[in-house]
Amino acid sequence: MWNTAKARQQKPFKSIRRNSMKRMMYIISKNWVWIPTIILTIMFITPILWSLSASFKSMVEIYSARTLWDFLPKNPSLRAYGEVLAWKDFPVVFFNSTFLAISSTLVAVAASILAGYAFARYAFRWRHVLLLAILIPRILPRVSLIIPLYELMVSLGLMDSRLWLTITYSATAIPLASWVLAGFFAAIPNDLDEAATIEGASLWQILWYILIPVSWPGIVTALIMCIRESWNEFPFVLAFTTSVSARTLPYQLFLLRESVGVQDWSVVNAFTILSILPMLMVFVILQRYIVKGVTLGAIK
Amino acid sequence: MNPASKAYKRQKMLKAMYPYFLIAPALAFVMLILAYPVVSGFIGSLYTYDMFTLESEFAGLNNYLRLFTNPRFQNSLLRSVILAGGTIGLGLFLSLSFALCLNSIRIFKAFFRGVSLVPWLVSGIAAAVMFRFLFSGNGGLIYVLYESLGFQAVSWLGHSGRAMLVLILTNTWFLCPFAILVMFAGLQTIDPNYYDAAAIDGCYGLRTLWHVTVPLIKPMIGISLIWLSFASFSIFDIVLPTTGGGPGRATEVMAVAMYRVAFHALDYATGYAIMTVILVINIAMSFVYLKLFRV
């Protein structure tokens with residue numbers, strides 16, 4: 001950042017090239033930024049790598065680790081993964097997480113497409129008030145909502161159900177999704193809508209055949225942000241579910257850590273890795289949408 | 001169609017209602033699930049409940065008075081402030097450093113940016129479990145490092161001060177990616193001419209950072225601060241699996257205290273009052289940041 005375009009073009013002086021010590025200093029002075037970069041990168045990935053390596057180790061091997069060289073498993077085995085996958089409740093919990101991620105994302109994005117379109121295209125009375133009414137709840141920490149929502153759930157008779165989780169997950173995802181989508185829709189020229197209107201297209205046709213295909217990147221961004229939020233959610237599922245029938249992966253991971261007496265860390269770590277793997281895979285495939293979405297969501 | 005006809009007028013009315021119809025579903029969700037609980041929670045904090053007769057009685061601000069004189073709540077407020085302060089300080093430093101690095105390197109940019117975002121994809125529970133393992137006495141990395149360097153290994157999660165340190169580290173790791181991304185986006189918008197001008201005036205290194213870079217990305221620093229303090233003041237996912245509020249109540253932050261008071265002790269009135277306190281602190285802090293940084 002401090003090397004401006006000009007400085008970068010400058011070649012090392014001949015005298016520097018001859019003197020290896022000075023040359024070394026020169027290289028370091030131009031590339032020192034790699035030192036903090038590597039250190040920070042190691043700090044960021046160490047927890048995941050340590051957990052990953054432990055998931056391939058046996059329990060004895062984990063407990064007997066004494067030096068850094070014990071980082072690599074000596075006899076890597078898939079025993080822990082086998083145990084997690086063979087456990088009878090795992091498919092239920094995994095299905096619940098997947099179901100909630102998909103259902104709440106579809107509901108939230110559908111509602112947000114409509115709302116985003118209205119905010120991007122129409123001038124109407126109370127527009128600003130309504131926009132704030134949808135956006136401001138984004139700043140509510142979800143943990144602060146659990147007591148009143150718990151009472152609401154009890155009075156609606158939706159205890160321990162995926163339906164209630166879908167509703168609450170959708171609602172918490174809507175503010176951000178509406179904001180991101182309204183931004184994307186506003187960037188699409190109005191001429192497209194007008195041309196379609198002249199051709200006799202209805203509002204639904206405009207949305208379905210024009211706006212949604214054109215703003216596909218924005219919709220993917222909103223989808224990913226909703227999926228990630230739902231997949232990783234914890235306070236709601238902790239407060240609103242009691243049995244395994246509506247439990248999700250994070251909650252099960254939490255219980256796993258609590259319930260085991262002598263901790264079988266290889267199983268706990270295998271479960272952790274399995275629960276974060278789907279998100280990491282989505283990330284690797286769709287990284288640029290995520291970067292765009294997070295930045296858009298932050299900078300108003 | 002005749003412009004004066006009734007059917008035309010009705011159609012026009014209907015068209016004018018379109019935006020409201022479009023907003024209705026999103027608004028309904030937000031009002032029912034997000035706005036209603038806040039209002040009902042605040043109203044609930046003004047009443048006291050009798051556990052046996054299920055009768056409620058208006059108590060005004062008595063619940064708050066009781067709350068602020070309650071040593072358990074005072075403790076949790078203090079723990080929250082320590083956790084948030086530590087996270088904000090460390091998180092701001094680390095994320096600004098990482099953002100500056102990302103902005104300076106010329107190769108493998110996408111890879112390193114990807115690495116910086118990984119914690120954002122991990123659930124709070126998974127992050128907490130991984131850090132708990134990292135600091136555990138049974139094969140944790142930190143323990144192994146201590147042993148291999150010849151130090152006497154110490155218990156991290158059993159000691160009140162060190163347990164808080166572990167929480168701060170976990171929380172920072174978990175919350176940093178967003179701050180990094182925001183500051184990185186800010187750094188990329190800076191016109192390189194500013195640095196040329198600063199270099200001509202004889203300004204280099206850290207002084208450029210302080211006098212050129214930081215003022216230019218002030219709004220992004222503000223957003224990062226809001227994010228870090230917001231998320232740390234209401235943190236819940238990280239604390240419960242790492243320390244569970246322990247040892248004793250050394251890491252029982254406000255959100256955990258609220259959860260316990262409401263769902264274990266079934267004292268909803270106090271739970272509502274803590275909820276309101278968390279909300280007020282969050283809103284007040286974001287106002288302060290908005291004023292300071294003119295986001």
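The values are calculated or read from the model by the stated rules, or taken from the named source; none is laboratory data. On a predicted model such as this, the values are computed, not experimentally measured, just so you know. As a convention, Cβ positions derive from the backbone with ideal geometry for all residues, glycine included, and neighbour counts pool all protein chains shown. These accessible areas exclude ligands, DNA and RNA; they are computed on the full protein's heavy atoms, side chains included. Shrake-Rupley method; radii C 1.70, N 1.55, O 1.52, S 1.80 Å.
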Problem set entry | Under 18 Å from the Cα of B:Lys15 - aspartates and glutamates, other chains or at least 8 residues apart | A:Asp193, A:Glu194, A:Glu199
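Take the alpha-carbon positions of region A:84-298, form their convex hull, and give its projected area averaged over all directions (one quarter of the hull surface) in nm².
Quarter of the Cα hull surface area: 14.3 nm².
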Exercise. Given R₀ = 35 Å, FRET efficiency for B:Ala24-A:Thr98 by Cβ-Cβ distance, to 0.05?
Worked result: 0.75
Exercise. What distance in nm separates the simple spin-label points at A:Val60 and A:Ile198, each placed 7 Å from Cα in the Cβ direction?
Worked result: 8.1
Exercise. Working out 0.36 nm times the residue gap between A:Ala186 and A:Lys74, then minus their Cα-Cα distance, what length gain in nm do you get to one decimal?
Worked result: 34.7 nm
Exercise. Expressed as a whole number of Å, what is the distance separating the alpha-carbon centroids of region A:209-283 and region B:58-128?
Worked result: 20
For this session: Would you kindly state how much longer the chain becomes between B:Lys6 and B:Leu209 on full extension, computed as 0.36 nm times their sequence separation minus their alpha carbon distance, in nm to one decimal?
Result: 66.3 nm
For this session: With a cut-off of 17 Å, note down the residues of region A:92-108 whose backbone N falls inside the zone around a label point 7 Å from the Cα of A:Ser161 toward its beta carbon.
Result: A:100, A:103-104
Seminar exercise, completed: Projected onto their principal axes, the Cα atoms of chain B stretch, largest extent first, over whole-Å spans of 84, 63, 34
Exercise. Ranked from the most accessible area to the least, with a 1.4 Å probe and all protein chains present, what is the order of A:Trp126, A:Trp50?
Worked result: A:Trp126, A:Trp50
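Please quote Rg/Rh for the protein assembly as shown to two decimal places, taking the Kirkwood radius as Rh and restricting both calculations to Cα atoms.
Rg/Rh: 1.00.
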For this session: With r as the distance between the Cβ atoms of A:Arg288 and A:Thr67 and R0 = 35 Å, compute the FRET efficiency 1/(1 + (r/R0)^6) and round to 0.05.
Result: 0.30
Problem set entry | Span per principal axis, largest first, for the Cα atoms of region A:22-83 (Å) | 55, 19, 15
Exercise. Counting only protein heavy atoms, what percent of the accessible surface of the protein assembly as shown is carbon or sulfur at a 1.4 Å probe?
Worked result: 68
For this session: Treat region A:56-168 as a sphere of radius equal to its Kirkwood radius over Cα pairs and apply Stokes-Einstein at 37 °C in a medium of 0.692 mPa s; give the translational diffusion coefficient in µm²/s, rounded to a whole number.
Result: 171
Seminar exercise, completed: Contour minus Cα-Cα span, B:Phe58 to B:Gln188, at 0.36 nm per residue, comes to 41.3 nm
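With a probe of 1.4 Å, find how much accessible area region A:84-298 has per residue, and write the answer as a whole number in Å².
40
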Problem set entry | Among A:Leu223, A:Met43, A:Gln252 - extreme Cα towards positive end, dipole of chain A, charges at beta-carbon | A:Met43
Seminar exercise, completed: Here region B:6-58 gives, from Cα atoms, an Rg and Dmax in Å of 20.3, 62
For this session: Beyond 29 Å between alpha-carbons counts as too far, so tell me which of A:Lys292/B:Lys291; A:Lys30/B:Lys218; A:Lys292/B:Lys218; A:Lys57/B:Lys109; A:Lys57/A:Lys88 fall in that bin.
Result: A:Lys57/B:Lys109
